[in-house]
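S.K.: Structure provided below as structure tokens; questions to follow.
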Amino acid sequence: MWLTQLLERNRQCFPDRTALVDERRSVTWAELHDRTARIAQGLAGLGVQSGDRVAVLSLDRIEVLESYFALARLGAVFVPVNHSLIASEVTGITERTGASAVIGEAALLERHPDLPVKLRIAFESEEFAELADTPVNAALPVVPDDAVAAILHTSATTGQAKGVTVDQGSFRAIALGWLALAAPTDDMVMVNCCPLYHGSMVVSLTYMAAGATVVLMPGFKPQKALSLIEEHRATHVWLVPQMLRFMLQTKGLQSADLSSLREVLYGAAPMPLEVYKEAAERLGCGFRHVYGMTEVGGPFVTLGPAEHPDLQGELPDQIPAGRVIPGMSARVLDTDDTELGPEAIGEVVVRGPGIMHGYWNDPAATAEVTVDGWIRTGDLGYLDRAGRIHLVDRRKDLIIRAGQNVYPAEIERALRAHPKVLDAAVVGIPDADYGEVPLAYAVAVEGTQPAELMSHLAGQLAPYKRPRRIELIDEVPRNPAGKILKKLLRT
């Protein structure tokens, strides 16, 4: 009952404080508590029962979170769906999860008229309005924390998204562990720039557990994000590094009053050092790294403001991911699944009450990512002697050139260090002599030549790490979470 208890506590402690804000309206904690209870009662009247899966298809808005809380209160399972997916992908998710209903924005539901569900409810419809007015005249079920609450789909950078099943106990474990380190205060206001349809939404739920006001955006726009921070006197903003880069390039940054901002929370992709340096200088606030994984329940490692690089000193090659939160455990394993000591590079694995039950109806895929109760992250990294995790690269992206490990992330950092390079990505390609070699893609200012960038890399990287060639492109393809779509680059 964690999600219900969250609402009950905040209604009791902060009834008149604003809980959620979007471009249409806002709700207090008392209103959010009462509306979700009524929506839950109304859905029960329409036949939605404990264990039923209900797809939610929408841009970020208050009704999305109202639906999540209402379904959790019933013991039903909410299935967030990426609104940018094509029809066959949306249909595939509803079919694989066995969703009996879909709730969402009318315009998005109209794009998918043939979904195999019995019940369709648009947020803008009279039917949804009636749900929110349903009298609560019957006891709602008591839902155990170990019952599946959500099926969250992975970002699918390499193939079909997998449905990750998590329970309310996972949300609770991550929230309490995270907030133990994040030092919440009663006046937190967080602008959420990230979508609510995948694991990144756990960050919003976590700060809501502390009573924070969460401001939602229907889609990221850098100028709008700046305006929302200023308008709502936001203390926190949650985004991915690429979003921060766009905000720094926005002319409105010069005139925006961001003096209320205390922390920039960032994750999903490495933070380029030049972006961090410029943002720290111009924003004048703290930074908190968010390292998480949907299969692990969300954010399980953080690096707080005090541990971020000091701009007055020499910047490191990269910023550490941080320390694991209380309640969760992390190790680094070699290829034989033997635990490695400090400074040794291997795969990061995680265990604790936040981890998933498994992939929905896919025991084979679940077995692939588990080892003795630990979840394989697929990330290569190491632990330093202070217990901080340093990420090196994705395991599947590792390039083995004639028996030598080449990490694309290292080449990408070196390329981005060139003043004319705006973004970069590196993949491995087959080679008859060496087995595999790096191929680099770069987004650079007009007039930049690949030879110039190759010369730069010669002073940055050992010969075996240098790419076979550099191709200039207009944009590095990324998913909405900011992760590079390397599958597209390879093909």
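S.K.: Counting Lys and Arg as +1 and Asp and Glu as -1, each charge on the Cβ, what is the dipole of the chain about the Cα centre in debye, to the nearest 20? If you can, show how the numbers build up before the last one.
M.R.: Values: 47 positive and 61 negative charges, 62 e Å.
Once rounded to the nearest 20, the dipole reads 300 debye.
S.K.: Tell me, in nm to one decimal, what length is gained between Glu475 and Glu452 on full extension, where the rule is 0.36 nm per residue of separation less the Cα-Cα distance? Please list the in-between numbers first.
M.R.: On the way: separation 23, 0.36 × 23 = 8.28 nm, distance 1.91 nm.
So the extension gain works out to 6.4 nm.
S.K.: Still on this structure, I have one more. Per the helix-only calculation at 222 nm, which mean residue ellipticity applies to the chain, given -39500 (n - 2.57) for every DSSP H run of n ≥ 4 and division by its residues, nearest 500 deg cm²/dmol?
M.R.: On the way: 15 runs with 148 residues, N = 491.
Calculated from helices alone, the mean residue ellipticity at 222 nm is -9000 deg cm²/dmol.
S.K.: Roughly how far apart, in whole Å, are the Cα centres of region 230-302 and region 427-458?
M.R.: 29 Å
S.K.: What is the spin-label model distance, in nm, from Ala306 to Gln254 if the labels are put 7 Å beyond Cα along the C-beta direction?
M.R.: Those two pseudo-labels are separated by 3.8 nm.
S.K.: Calculate the length of the line joining the C-alpha centroid of region 54-103 to that of region 309-382, in whole Å.
M.R.: 29 Å
S.K.: Sticking with this structure for a sec: P(r) for region 386-491, please, calculated from all Cα pair distances in 5 Å bins and given in %.
M.R.: It works out to 2, 12, 24, 24, 20, 12, 5, 1, 0, in whole percents.
S.K.: Where does region 1-135 land on the Kirkwood hydrodynamic radius, alpha-carbon pairs, in angstrom?
M.R.: Working: mean 1/r = 0.0664 Å⁻¹.
Across region 1-135, the inverse of the average 1/r is 15.1 Å.
S.K.: What would the Debye equation give as log₁₀ I(q)/I(0) for region 109-234 at q = 0.13, 0.20 Å⁻¹, counting only Cα atoms as equal point scatterers?
M.R.: Taking Cα atoms of region 109-234 as identical point scatterers yields -0.84, -1.37.
S.K.: Binning at 10 angstrom from zero up to the longest distance, how are the C-alpha pair distances of region 1-44 distributed in percent?
M.R.: Using 10 Å bins, I get a P(r) of 30, 51, 19 for region 1-44.
S.K.: Using protein chains only and a probe of 1.4 angstrom, how many square angstrom of Lys221 are accessible, to the nearest 10?
M.R.: About 130 Å², rounded to the nearest 10.
S.K.: Calculate what fraction, in whole %, of the accessible area of region 398-491 sits on carbon and sulfur atoms when a 1.4 Å probe is rolled over the protein chains.
M.R.: 50 percent
S.K.: Mind jotting down the three principal axis lengths of region 80-128 based on Cα atoms? Whole angstrom, largest first.
M.R.: Computed over the Cα atoms, the extents are 29, 21, 18 Å.
S.K.: Projected area of the chain, taken from the Cα convex hull and averaged over every viewing direction, in nm²? If you can, show how the numbers build up before the last one.
M.R.: Working: hull surface 93.3 nm².
Over every viewing direction, the Cα hull of the chain projects on average to 23.3 nm².
S.K.: Any aspartates and glutamates with Cα under 19 Å of the Lys251 Cα? List them, leaving off those in the same chain fewer than 8 positions away.
M.R.: Hits, sequence-local ones excluded: Glu230, Glu231, Glu274, Glu278, Glu281.
S.K.: Also, quick follow-up: With a cut-off of 13 Å, note down the residues of region 127-150 whose backbone N falls inside the zone around a label point 7 Å from the Cα of Ser50 toward its beta carbon.
M.R.: 139-149, by backbone N distance to the label point.
S.K.: Treating only the Cβ of Lys, Arg, Asp and Glu as charged (+1, +1, -1, -1), what charge dipole size does region 373-491 show about its Cα centre? Round to the nearest 20 debye.
M.R.: Working: 19 positive and 15 negative charges, 93 e Å.
The dipole magnitude comes to about 440 debye.
S.K.: Tell me which residues come under 5 Å, amide H to amide H, from Leu472 once H is placed; ignore anything under 5 positions away on its chain.
M.R.: Close amide H contacts, sequence-distant or interchain: Ala442.
S.K.: Consider all pairwise Cα distances in region 141-297 and report the whole-number % of them above 22 Å.
M.R.: Here the tail beyond 22 Å accounts for 43 percent of pairs.
S.K.: Express the C-alpha Rg of region 435-474 as a ratio against the empirical globular expectation 2.2 N^0.38 Å, rounded to two decimals.
M.R.: Numbers: Rg = 10.4 Å, N = 40, 2.2 N^0.38 = 8.9 Å.
Ratio of Cα Rg to 2.2 N^0.38 Å: 1.17.
S.K.: Rounded if a/c is under 1.5, else prolate if a/b beats b/c, else oblate: with a ≥ b ≥ c from the C-alpha gyration tensor eigenvalues square-rooted, which is region 144-205? Each step should come with its number before you reach the end.
M.R.: Numbers: a/c = 2.60, a/b = 1.41, b/c = 1.85.
Oblate is the answer for region 144-205, as a/c is 1.5 or above yet b/c matches or exceeds a/b.
S.K.: Among the listed pairs Lys465/Lys486; Lys224/Lys487; Lys162/Lys224; Lys221/Lys487; Lys277/Lys487, which are separated by more than 22 Å between their Cα atoms?
M.R.: Values: Lys465/Lys486 18 Å; Lys224/Lys487 31 Å; Lys162/Lys224 32 Å; Lys221/Lys487 26 Å; Lys277/Lys487 30 Å.
Pairs exceeding the cut-off: Lys224/Lys487; Lys162/Lys224; Lys221/Lys487; Lys277/Lys487.
S.K.: With every protein chain present, what accessible area does Ile473 have (1.4 Å probe, heavy atoms only), rounded to the nearest 10 Å²?
M.R.: The accessible area comes out at roughly 40 Å².
S.K.: Take region 331-422, compute every pairwise Cα distance, and split them into 10 Å bins from 0; I just need the percent in each bin.
M.R.: Once binned at 10 Å, the Cα pair distances of region 331-422 give 15, 38, 31, 14, 2.
S.K.: Using a cut-off of under 15 Å, list every residue of region 210-224 whose amide N is near the label point 7 Å from the Cα of Val136 along the Cα-to-beta-carbon line.
M.R.: none
S.K.: Further question: Sorted from largest to smallest, which semi-axis lengths in Å does the alpha carbon gyration tensor of region 257-395 give for its equivalent ellipsoid, taking the root of 5 times each eigenvalue? Each step should come with its number before you reach the end.
M.R.: Working: eigenvalues 180, 60, 28 Å².
One finds semi-axes of 30, 17, 12 Å for region 257-395.
S.K.: What's the local net charge at Leu383, with K and R +1, D and E -1, over the other residues with C-beta under 15 Å away?
M.R.: Details: positive: Arg323, Arg331, Arg351, Arg385, Arg388; negative: Glu307, Asp334, Glu339, Glu343, Glu347, Asp379, Asp384.
Around Leu383, the charge tally is -2.
S.K.: If you don't mind, another one. How do Ser204, Ser84 rank by accessible surface area computed with a 1.4 Å probe, from largest to smallest? Kindly include the intermediate steps, with their values, before the conclusion.
M.R.: Values: Ser204 0, Ser84 75 Å².
From most accessible down to least: Ser84, Ser204.
S.K.: At 1.4 Å probe size, put Glu343, Glu452 in order of accessible surface, largest to smallest.
M.R.: Details: Glu343 90, Glu452 65 Å².
Listed by decreasing accessible area, they come as Glu343, Glu452.
S.K.: Ok, one more. Enter the accessible area of Ile400 (Å², nearest 10), with the probe set to 1.4 Å and all protein chains included.
M.R.: Approximately 90 Å² of Ile400 is accessible to the 1.4 Å probe.
S.K.: Given a 1.4 angstrom probe, what's the average accessible area per residue across region 338-491, in square angstrom?
M.R.: Values: 7470 Å² over 154 residues.
Ligands and nucleic acids excluded, the result is 48 Å² per residue.
The values are calculated or read from the model by the stated rules, or taken from the named source; none is laboratory data. As the structure is a prediction and not an experimental result, all values here were calculated from the model. When we count neighbours, we look across all protein chains shown, and the Cβ atoms used for this are built from the backbone with ideal geometry, even at glycine. Surface accessibility is based on the protein's heavy atoms, side chains included, excluding ligands, DNA and RNA. Shrake-Rupley method; radii C 1.70, N 1.55, O 1.52, S 1.80 Å.
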